[in-house]
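A short write-up of the structure that comes next.
Here, each number is a calculation from the coordinates, and none is a lab measurement. Predicted model only: the values in this text are computed from it and were never measured. Methodologically, a virtual Cβ is constructed for each residue, glycine included, from the backbone with ideal geometry; neighbour enumeration extends over all protein chains shown.
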Amino acid sequence: MTPNRIAVCVPSLVLLLVLALLTPTTQAASKLELDNRVQATLERLYSRKAEARALGQKAVAILVFPQMVKAGVGVGGEVGEGGMLVNGQPSGYYRNTSLSIGFQLGIQTRSEVLMFMTERAYQDFIGHDGWEAGVDGSIAIVEFGVGKEFDTNSIREPIIGFVFANKGLMYNLSLEGSKYWKIKK
């Protein structure tokens, strides 16, 4: 094996080991536990921004990932499980995965909420096993901050995403390259 291949393999192996160690805590939730985490995460978002609740009331469906775990050592990966809500009721379960290459070191957790604002966007999503953001459809990330408010009536995007951690909503994020897989619980 060449030195360059070794340099790429070692961080990849470290990443796989870290994700393997973290996966049981994020993936082992029972159906009931995941449903409870989904509801709690959505309420946490709603309590921070009334505009998010207004959008949620207009959404055809809402996909909530209570805990996404991202780890990286040169090569990064992210994984998490979530639940789809239709009319406020669980309607399916999904795994979200992504890989990235570039300077990165460390581990972070965050939550993601995707709101499907049109029936077509929702049907396109559930019709693909392995739906990929940026390829099969785009997700408009809502950013919040000082002076950053929005009118829920003016947003016309078919899929709206919120990404946040315990400290609040995170800024300048992209979900491009994230893959969503339907799973059984």
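Peptides 122-128, 63-69 ranked from most to least packed give 63-69, 122-128, packing being the mean of other C-beta atoms within 10 angstrom over each peptide's residues.
Taking 7 Å steps out from each Cα toward its Cβ at residue 120 and residue 185 produces label points 3.0 nm apart. Pairs from the list 58/179; 31/182; 49/182 with a Cα-Cα gap above 23 Å: 58/179; 49/182.
Which net charge results when you count Lys and Arg as +1 and Asp and Glu as -1 among the other residues whose beta-carbon is under 13 Å from that of residue 29? Intermediate values should be presented prior to the final figure.
Numbers: positive: 31, 37, 95, 185; negative: 33, 35, 81.
The answer is +1.
Among 117, 84, a tally of other beta-carbon atoms within 10 Å of each Cβ gives an order, fewest to most, of 117, 84.
Only counting other Cβ atoms within 10 Å, I'd like 159, 183 sorted with the fewest neighbours first.
Values: 159 23, 183 12.
Least crowded to most crowded, the residues run 183, 159.
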